[in-house]
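Encoded as structure tokens, the structure appears first; notes follow it.
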Amino acid sequence: MAGKFFFIDTTRCTACRGCQIACKQYKKHSASKTKQYGSYQNPLDLDGNTFRLVRFSEHPSKENSMVWYFFTEACRHCLKPPCKKKVDQIKKDAIIVNEFGAVLYTEKMKGLEKSSKAIKQACPWSIPNWSKEEKQMVKCNMCYDRVEAGLPTACAKACPTGALNFGDEADMKKLAQERLAAVKKKFGGRGEILDLEDVRALYLIIDEQAKYRPVA
């Protein structure tokens, strides 16, 4: 299936959080109330007001020192969205997939608060959240209005290092393979692209510790 894809090169991410702030600015979302809990990551997780989040994780390295991993997280716009499969059982076509692959939560999602936990659990990465303001489940919508106008997503536009990229499927997959080859050469054969056949957000990582998965 053709369409638009993200390519995220975690080796180039500096955790500037430009993508995170650009998402909030474009969607006119305010900052989420938070507190210091022992990490530079802020807020603690995605929520009804935060659709993209740069995750911080610190791990010991083989050289007996510590290393930071940064992982910009948002909806991955699955090719076969499990959230849509779940919601279709409750209310048909409340979730749609548009012509370039964006998984969109429509107005029909309103009133499904009792099903919000099940919808969140249907996502392998626990992405969707209930919004009290919108009274429905919400998440990244791939800036579909910008893309329809021929523009990149706000997050990709803001990235200063080439860590977060957005474009046509063929271009993003070509870039991903080129960067994978370069990264393996630089890091002694280490490197992989996650979920290449399942989602529209391809992540290049060099260590297993850099792979973000939600805690069960």
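Details
- Any hit, region 180-189, residues being crowded, with 19+ Cβ neighbours inside 10 Å, over 26 Å from I21 (Cβ atoms), touching a Ser or Thr at 6+ places or on another chain (Cβ under 7 Å) and modelled with pLDDT of 95 or more: yes
- Test: residue in region 66-75 that is more than 23 Å from E113 (Cβ to Cβ), in contact with a Gly (Cβ under 8 Å, 6 or more places away or on another chain) and in a strand (DSSP E or B): no
- Subset of region 18-68 that is among the hydroxyl-bearing types (S, T, Y) and in contact with a Lys or Arg (Cβ under 8 Å, 6 or more places away or on another chain) - its residue that is modelled with the lowest pLDDT: S30
- Residue match in region 160-172 (condition: among the β-branched types (V, I, T) and surrounded by fewer than 18 Cβ atoms within 10 Å (Cβ to Cβ)): yes
- You will find that of S32, S61, S39, the residue that is in contact with a strand residue (DSSP E or B) (Cβ under 8 Å, 6 or more places away or on another chain), surrounded by 14 or more Cβ atoms within 10 Å (Cβ to Cβ) and among the polar types (S, T, N, Q) is S32 and no other.
- Note on region 45-58: residues that are outside any strand (DSSP E or B), farther than 15 Å from I21 by Cβ and in contact with a strand residue (DSSP E or B) (Cβ under 6 Å, 6 or more places away or on another chain) amount to 1.
- Given (1) assigned by TED's automatic domain parsing to the domain that holds A122; (2) part of a loop (DSSP other than H, G, I, E, B); (3) under 16 Å from C123 (Cα atoms); (4) within 16 Å of the chain's Cα centre (by Cα), index of the condition G101 fails: (3)
The values are calculated or read from the model by the stated rules, or taken from the named source; none is laboratory data. For clarity, every value in this text was computed on a predicted model and none was experimentally measured. Neighbour counts are summed over all protein chains in view; Cβ atoms, including those assigned to glycine, are modelled from backbone coordinates with ideal geometry.
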